[in-house]
Structures are given as C-alpha cells and as structure tokens.
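Colleague: Right, I'll just put the structure down here and ask away after.
The values are calculated or read from the model by the stated rules, or taken from the named source; none is laboratory data. It should be emphasised that the depicted structure is a prediction, and the values quoted were computed from it without experimental measurement. Cβ placement follows ideal geometry from the backbone for every residue including glycine, while neighbour counts extend to all protein chains displayed.
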Amino acid sequence: GPSLLKTLDGISMEEAKVKPLGERHSIWELVDHLAFWNEAVAKSVGQERMPDPSNVVSWPEVGDTESEWKASVDKLRQRVHQLLDELADWKNEDLEKEVPGANYNFKQMLHGVVHHNLYHAGQIAILRKKI
C-alpha cells in the first residue's frame, strides 16, 4: 500500500476533521499525533531524553483552516525526514545503545516507531474510505 505520507495526498481540511467512526480520532488528530512522536524519536536519536508517554499531550487540538491542515501535514513530513536525517550516519552497533530516558535500546524504539506509523497509516486509509 501507499506510504504514510502518500495516504495523506488529496485530503482536504474538511475531510481531515471528520470523525466517521464516532468518537475515534480524525485523520488530522492522527497526523498531529504522528508528528509529535516522530519528533520525539528523532530528538532521542540526537541524544535528547525520550518523553514519558504518561506526561505528554500527544493528541493536541486540531485547527480550523486549510492552511493549518497543510501546516500539520508539512510538520509530519518534516518530522519523518528529521528522523531519517538523524539516522543517516548511524551504524548497526548504534542500534544497541540505550535510548536516553528509556529502558530500551534504539533498535526497539525504531521498530516501535515504524509499527506506530504503519498502524496509524492503516487507520488513515480506513478513515479515507469512510469519508
């Protein structure tokens, strides 16, 4: 299927805000959530502490305009590329290092963010079909 970022192509602000499955998250909420966690992972690769999931707001309120929607999509795109850039010079042995502020290594964290991105990309694809 399409990549996470490709699943967002052609979605308008109105479509991004719709919650076709009741109180489940909208596409826009998922995008902002993914941007938050991709940034957190990128920063931890850069040796900043990983935030404690119980102490963060990873589901921020969404905006009301097309420009805010486009900014959210751009932010996610930037965060994904930020993570890739941070990893560009990594070696296999770097994956075994412990993540700052966490009880797991980078290999586990990176597997986690890939799974997280794929899970929510699947949700976005389903929501697109329901809109």
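Colleague: Under the condition of being at pLDDT 90 or above and polar (S, T, N, Q), which residue from the stretch 48-73 is nearest to Phe106 (Cα to Cα)?
Modeller: Restricting to residues being at pLDDT 90 or above and polar (S, T, N, Q), the top hit is Ser72.
Colleague: Let me ask something else. Check Leu110, Leu76 and return the single one that is closer than 25 Å to Lys129 by Cα, out of contact with any strand residue (DSSP E or B) (no Cβ under 8 Å at 6 or more places or on another chain) and modelled with pLDDT of 95 or more.
Modeller: Leu76
Colleague: Would you say Asp94 is over 27 Å from Pro2 (Cβ atoms), at pLDDT 95 or above and not in a loop (DSSP other than H, G, I, E, B)?
Modeller: Here the answer is yes, as Asp94 does meet what is asked.
Colleague: I would also like to ask the following. Could you tell me whether any residue of the stretch 104-111 is part of a helix (DSSP H, G or I), buried (at least 16 other Cβ atoms within 10 Å of the Cβ) and under 16 Å from the mean Cα position of the chain (by Cα)?
Modeller: Yes, there is a match, as at least one residue in the stretch 104-111 is part of a helix (DSSP H, G or I), buried (at least 16 other Cβ atoms within 10 Å of the Cβ) and under 16 Å from the mean Cα position of the chain (by Cα).
Colleague: Can you name the number of the only condition in (1) more than 18 Å from Leu127 (Cα to Cα); (2) in contact (Cβ under 8 Å) with a residue 40 or more places away in the chain; (3) in contact with a helix residue (DSSP H, G or I) (Cβ under 7 Å, 6 or more places away or on another chain); (4) not aliphatic (A, V, I, L, M) that Pro60 fails?
Modeller: Result: Pro60 fails condition (2) only.
Colleague: Out of the residues in the stretch 27-52 meeting the condition of being among the polar types (S, T, N, Q) and buried (at least 20 other Cβ atoms within 10 Å of the Cβ), tell me which one is farthest from Asp89 (Cα to Cα).
Modeller: Restricting to residues being among the polar types (S, T, N, Q) and buried (at least 20 other Cβ atoms within 10 Å of the Cβ), the top hit is Asn38.
Colleague: Sticking with this one: Only one of (1) in contact (Cβ under 8 Å) with a residue 60 or more places away in the chain; (2) in a helix (DSSP H, G or I) fails for Ile11. Which number is that?
Modeller: (2)
Colleague: Oh, and also: Taking into account only those residues within the stretch 11-27 that are at pLDDT 95 or above and small (Gly, Ala, Ser), which is nearest to Glu66 (Cα to Cα)?
Modeller: Residue satisfying both the conditions and the ranking: Ser12.
Colleague: Please count how many residues of the stretch 21-74 are of a type outside the set (D, E, K, R) and assigned to a helix (DSSP H, G or I).
Modeller: Qualifying residue count, the stretch 21-74: 23.
Colleague: Going by the structure shown, is Leu84 farther than 18 Å from Ala125 by Cβ, in a helix (DSSP H, G or I) and over 17 Å from the mean Cα position of the chain (by Cα)?
Modeller: No.
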